[in-house]
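Just below is one structure, and these are the notes that go with it.
The values are calculated or read from the model by the stated rules, or taken from the named source; none is laboratory data. What you see is a predicted model, and the numbers here were worked out from it, not measured in a lab. Glycine also receives a Cβ, built like all others from the backbone with ideal geometry; neighbour counts cover every protein chain displayed.
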Amino acid sequence: MSSDAHDVVVAGGGPVGAALALALQPLKVALIEPRQPQLKAQDAWDVRVYAISPGNISFLEQLGVWQRIDAARVQPVEAMAIFGDRPGSRLRLRADEAGLPDLACIVEGLALQRGLDAAIAECPAITRFCPALVANVTLAGAAATVTLDDGTDVAAQLVIGSDGRDSAVRQAAGLELRDSDYGQLGVVAHFETTLPHRGTAFQWFREDGVLALLPLPGNRVSMVWSTSRDHAAELQALDGNALAAKVGSASAGALGALRVLTAAAAFPLRYGRVPQLVAPRLALAGDAAHSVHPLAGQGLNLGFRDVRELAAVLAARAPRQDCGDYTLLRRYERARREDIATTGLSADALQSLFAARSGITAAVRNFGLGALDGMPVLKSLLIRHAVA
């Protein structure tokens with residue numbers, strides 16, 4: 001069984017894949033996703049949230065997506081307060097220091113997905129195959145073919161794997177993944193606070209991991225505690241009151257008393273990268289191509305920057321040039337190499353620096369936070385890179 005030929009097959013309908021399908025217009029795109037579209041709003045808070053940079057918000061606006069997200073579920077981040085594990089070790093970053101209104105906006109995963117799915121539903125050039133899984137990918141010949149789990153063959157000039165860290169497209173193409181396990185879990189939960197967060201994202205580098213409290217609309221915050229597997233299990237075993245007390249103590253009462261809004265969940269933390277982003281008729285984007293430690297909040301932003309670059313490369317191709325042409329795809333790979341490497345290595349280095357227990361290392365890292373806080377030019381450059 002086969003479907004009509006498409007210009008591009010995008011495997012993976014999460015935020016990166018969905019944005020890519022929209023960004024590739026007017027190409028004829030087949031979007032393969034294992035879930036049904038998320039079109040219905042929900043009252044409950046989604047435990048997974050993203051910090052979206054201003055550059056990527058502008059991109060989502062251009063796609064007609066950001067306007068579809070309920071503004072009541074979006075919280076601008078105006079400042080960051082970062083604390084070391086020694087008294088007085090602190091770094092504060094403010095958007096206005098770099099002449100910006102916001103550093104980022106926090107949005108729930110489901111709210112973002114609804115906006116993307118609603119935009120796709122109005123795009124006739126995108127054909128959805130869902131729920132569907134990739135069973136095989138054939139790249140030889142004048143076109144690529146993706147075989148779905150129900151036996152359907154979907155042909156196209158180019159296949160893009162944006163189907164996550166365990167990408168079936170990457171594995172079918174035989175592309176290597178270099179994967180490092182941090183031996184940590186990211187424990188997530190939402191809390192209501194008695195003190196206002198004032199649009200500030202907080203982060204504490206502690207002996208038991210990195211604790212972040214991200215602002216949500218109203219007096220609410222989203223916690224991400226990157227910590228050892230044993231400590232993560234302890235946190236997940238606590239009842240709501242005990243977890244709120246634990247997080248309140250670890251955050252030095254910065255937001256007053258806390259009340260749990262969602263049960264704690266956890267996900268593994270890994271550092272993944274691939275030597276090749278492309279092959280003839282194949283490209284990778286998002287978590288299929290890289291995964292980074294969440295302490296910098298750059299995972300999805302990195303994926304959206306992949307989308308922006310790949311869409312630009314394909315849009316600028318010569319008339320009648322094949323979308324799957326390897327020399328064309330290499331432009332995308334070259335353009336993305338530095339950003340992916342710099343972001344991944346920086347997050348990995350920070351994680352290693354603050355995980356080290358050496359007294360000398362601790363003194364250096366805490367001194368570095370304080371020193372950077374007194375360097376407005378460097379702080380502005382740091383902010384400018386983060387908001388791209």
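Some observations on this one:
- Flag for Pro268 being under 23 Å from the mean Cα position of the chain (by Cα), over 20 Å from Ala201 (Cα atoms) and in a loop (DSSP other than H, G, I, E, B): no
- Applying a threshold of 9 Å to beta carbon distances and a minimum spacing of six or more residues, or different chains, the list of pairs starting in segment 50-73 at a residue that is under 18 Å from Glu309 (Cβ atoms) and ending at one that is of a type in the set (D, E, K, R) and not in a helix (DSSP H, G or I) reads Pro54/Asp102; Ile57/Asp102.
- Residues of segment 287-324 that are charged (D, E, K, R), surrounded by fewer than 23 Cβ atoms within 10 Å (Cβ to Cβ) and in contact with a Leu (Cβ under 9 Å, 6 or more places away or on another chain): Arg317, Asp322.
- Filtered residue count, segment 12-44, keeping only those that are more than 17 Å from the chain's Cα centre (by Cα), at pLDDT 90 or above and either in a loop (DSSP other than H, G, I, E, B) or more than 29 Å from Leu216 (Cα to Cα) (or both): 11
- Number of residues in segment 82-141 that are of a type in the set (S, T, N, Q) and either closer than 19 Å to Val224 by Cα or surrounded by fewer than 17 Cβ atoms within 10 Å (Cβ to Cβ) (or both): the value is 2.
- Looking across segment 193-215 at every residue that is charged (D, E, K, R) and farther than 16 Å from Val74 by Cα, the one that is farthest from the chain's Cα centre (by Cα) is identified as Glu207.
- Of all residues in segment 314-332, those satisfying the criterion of being among the hydrophobic types (A, V, I, L, M, F, W, C) and either farther than 21 Å from Ala155 by Cα or not in a helix (DSSP H, G or I) (or both) are Ala316, Ala318, Cys323.
- The one condition in (1) over 30 Å from Gln203 (Cβ atoms); (2) in contact with a strand residue (DSSP E or B) (Cβ under 7 Å, 6 or more places away or on another chain); (3) not aromatic (Phe, Trp, Tyr); (4) not in a strand (DSSP E or B) that Val47 fails to fulfil: (1)
Okay, residues lined up against (1) farther than 25 Å from Gln351 by Cα; (2) at pLDDT below 95; (3) of a type outside the set (A, V, I, L, M, F, W, C):
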residue	(1), (2), (3)
Ala242	yes, no, no
Val247	no, no, no
Ser251	no, no, yes
Gly256	yes, no, yes
Arg259	yes, no, yes
Leu269	no, yes, no
Pro275	no, yes, yes
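- Take the conditions (1) assigned to a helix (DSSP H, G or I); (2) closer than 18 Å to Arg334 by Cβ; Leu300 misses just one of them, which is (2).
- Residue within segment 269-277 that is surrounded by fewer than 16 Cβ atoms within 10 Å (Cβ to Cβ), among the aromatic types (Phe, Trp, Tyr) and under 24 Å from Ser228 (Cβ atoms) present: no
- Failed item in (1) under 18 Å from the mean Cα position of the chain (by Cα); (2) more than 24 Å from Phe205 (Cβ to Cβ); (3) crowded, with 21+ Cβ neighbours inside 10 Å; (4) not hydrophobic (A, V, I, L, M, F, W, C), with His6 passing the rest: (1)
- Scanning segment 97-109 for residues that are assigned to a loop (DSSP other than H, G, I, E, B) and in contact with a Phe, Trp or Tyr (Cβ under 8 Å, 6 or more places away or on another chain) returns no hits.
- Residues located in segment 165-210, provided they are at pLDDT below 95 and on the phi > 0 side of the Ramachandran plot: Gly174, Gly183, Gly209
- Pair list, Cβ < 6 Å and 6+ apart or interchain, from segment 20-41 residues that are in contact (Cβ under 8 Å) with a residue 12 or more places away in the chain to residues that are in a strand (DSSP E or B) and of a type in the set (Gly, Ala, Ser): Ile32/Ala11
- Qualifying residue in segment 76-96 (condition: part of a helix (DSSP H, G or I) and either within 23 Å of Asn219 (Cβ to Cβ) or not small (Gly, Ala, Ser) (or both)): yes
- Considering residues of segment 325-357 that are modelled with pLDDT under 95, of a type in the set (S, T, N, Q) and surrounded by fewer than 17 Cβ atoms within 10 Å (Cβ to Cβ) only, the residue farthest from the chain's Cα centre (by Cα): Ser352
- Whenever a residue of segment 98-115 is closer than 14 Å to Gly55 by Cβ, its partners that are small (Gly, Ala, Ser) and surrounded by fewer than 18 Cβ atoms within 10 Å (Cβ to Cβ), lying with C-beta atoms within less than 7 angstrom and at least six residues away or across chains, give the pairs Ala98/Ser380.
- One residue stands out in segment 155-165 among those that are touching an Asp or Glu at 6+ places or on another chain (Cβ under 9 Å) and not hydroxyl-bearing (Ser, Thr, Tyr): the one that is surrounded by the fewest Cβ atoms within 10 Å (Cβ to Cβ), namely Arg165.
- So Gly64, is it on the phi > 0 side of the Ramachandran plot and in a loop (DSSP other than H, G, I, E, B): yes
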